Amino acid sequence: MADIIVENAYKTFGKVIAIKNVSLTVHDKEFVVLLGPSGCGKTTLLRAIAGLGLVDSGRIFIGKRDVTYLPPRDRNLAMVFQSYAIFPHIRVFDNIAFGLKMKRLPKEQIKERVERAAELLHIENLLDRYPGQMSGGQRQRVAVARAIAMQSAVLLMDEPLSNLDALLRLEMRAELKALLQQIGATTIYVTHDQIEALSMGDRIAVMNQGEILQFDNPTRVYDLPANHFVGGFIGNPPMNFLKGHVEKRENQVVVRLRDYFLTPSEQMQKALLRYEGQPIYVGIRAENMQAYNQPQPDALKVQVKVVEPLGAQNLITIEFGEDVLKISTHPDFQTEAGSDLWIRLPIDKIRWMDFNTGRAIVPDLTEAVAAD
């Protein structure tokens, strides 16, 4: 078993808090992504797990073994760095074999592992080359092959695809996901790219300012963000947020958007009752709004600001009072800047959020919206 458990990890650099009482459990053979903007603490947390930087307080366990103060070589893990970190003066074979030679494994075993890793990464015909004779994508494959060859129970990856161009990243993302499923290592993968996170991870830990704000599967992180930050960070475009006011009309709790009223579900009305007379955020994804060129009952009238044809969809920027929103439509939908549109907000697609704290308002306490 190679579970990874982080308990109340705390790390500072001078007056800067890099990770703040972070707790995280990664199950055996699970692929977990640490996602967040630059400076959020994700790489610091990964390095603490790797043993490349000790935490100020807290504990780290790998396979039920306390490794908090063990050096990296004693943690039974392998790491892939953003900068590849391969040696330019030795051949690909020797780069992949480097860690195995440090362990003083028999030559035949080293040869077998190197060839197997190279085959998995489709670089078996490059073993006699030097890194300077290869493309960036091939050098990245060498770095991954070196980690795979170690056959460690835990694999840590720090933005391994960030130096590749867009098309190569797309190709490598799919290959890497398939490879990691095949080898079955417990993997923690750091990235600031939400597409990588959503498409690759079994679960995603969204971080900001040294804290994990939400830890859940990709679908729930996207559809049910725990707070305003997660909704605004995840998605392209990010979640739209309108300022609404909670009111009570005819024994119903409604949310007013200027002269338009939303009637939440009965269960949600109970949760919103305590916000009567207060502002809240109404969050909704661009693809979940419905657009019409003609007036519709129970629809908001908005004005088109910009139309961006993107091939598979049209991305339309609209204005609703002081709010600027993005709506995604079918590519055949016709409109232009300056035109009026009428949009509907399906109640079951709305994420209601506290205006002051930014936290999601949920109808009961059973819904997990944030990390423990």
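The values are calculated or read from the model by the stated rules, or taken from the named source; none is laboratory data. Quick caveat, the model's predicted, so the values are computed rather than measured. Every residue, glycine as well, gets a Cβ built from its backbone with ideal geometry; the counts of neighbours run over all protein chains shown.
Overview of results
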{"quantity": "In the range 45-83, residue nearest to A178 (Cα to Cα) [restricted to those that are free of Cβ contacts under 8 Å to residues at least 40 places away in the same chain and among the hydroxyl-bearing types (S, T, Y)]", "calculated": "T68"}
{"quantity": "Any hit, the range 339-349, residues being over 22 Å from P264 (Cα atoms) and not charged (D, E, K, R)", "calculated": "yes"}
{"quantity": "Subset of the range 8-21 [surrounded by 21 or more Cβ atoms within 10 Å (Cβ to Cβ) and over 18 Å from the mean Cα position of the chain (by Cα)]", "calculated": "A9, K11, A18"}
{"quantity": "All helices (runs of 4 or more DSSP H) inside the range 154-238 with 2 or more residues being in contact (Cβ under 8 Å) with a residue 60 or more places away in the chain and surrounded by 20 or more Cβ atoms within 10 Å (Cβ to Cβ)", "calculated": "194-200, 228-233"}
{"quantity": "When residues of the range 322-343 are limited to those that are farther than 16 Å from Q290 by Cβ and more than 31 Å from the chain's Cα centre (by Cα), the one surrounded by the most Cβ atoms within 10 Å (Cβ to Cβ)", "calculated": "S339"}
{"quantity": "Criterion violated by Y281 - all others in (1) in a strand (DSSP E or B); (2) under 15 Å from L341 (Cβ atoms) satisfied", "calculated": "(2)"}
{"quantity": "Enumeration of residues in the range 13-42 that are of a type in the set (S, T, Y) and at pLDDT 95 or above", "calculated": "S23, T25"}
{"quantity": "Contacts under 6 angstrom Cβ, first residue in the range 269-296 being touching a residue at least 12 places away in the same chain (Cβ under 8 Å) and closer than 30 Å to H330 by Cα, partner among the hydrophobic types (A, V, I, L, M, F, W, C) and in a helix (DSSP H, G or I), 6 or more apart", "calculated": "none"}
{"quantity": "Single residue of L34, L24, L52 found to be touching a Leu at 6+ places or on another chain (Cβ under 7 Å) and surrounded by 15 or more Cβ atoms within 10 Å (Cβ to Cβ)", "calculated": "L34"}
{"quantity": "Pairs with Cβ under 8 Å, 6+ apart, first in the range 109-133 and touching a residue at least 40 places away in the same chain (Cβ under 8 Å), second surrounded by 14 or more Cβ atoms within 10 Å (Cβ to Cβ) and among the polar types (S, T, N, Q)", "calculated": "P131/N95"}
{"quantity": "Selection status of R285, closer than 29 Å to A226 by Cα, surrounded by 18 or more Cβ atoms within 10 Å (Cβ to Cβ) and of a type in the set (D, E, K, R)", "calculated": "yes"}
{"quantity": "Residue check, R141 farther than 20 Å from M200 by Cα and either surrounded by fewer than 17 Cβ atoms within 10 Å (Cβ to Cβ) or at pLDDT 85 or above (or both)", "calculated": "no"}
{"quantity": "Residue identified as out of contact with any Cys (no Cβ under 7 Å at 6 or more places or on another chain), of a type outside the set (S, T, Y), more than 25 Å from E30 (Cβ to Cβ) and surrounded by 12 or more Cβ atoms within 10 Å (Cβ to Cβ) among F98, F81", "calculated": "F98"}
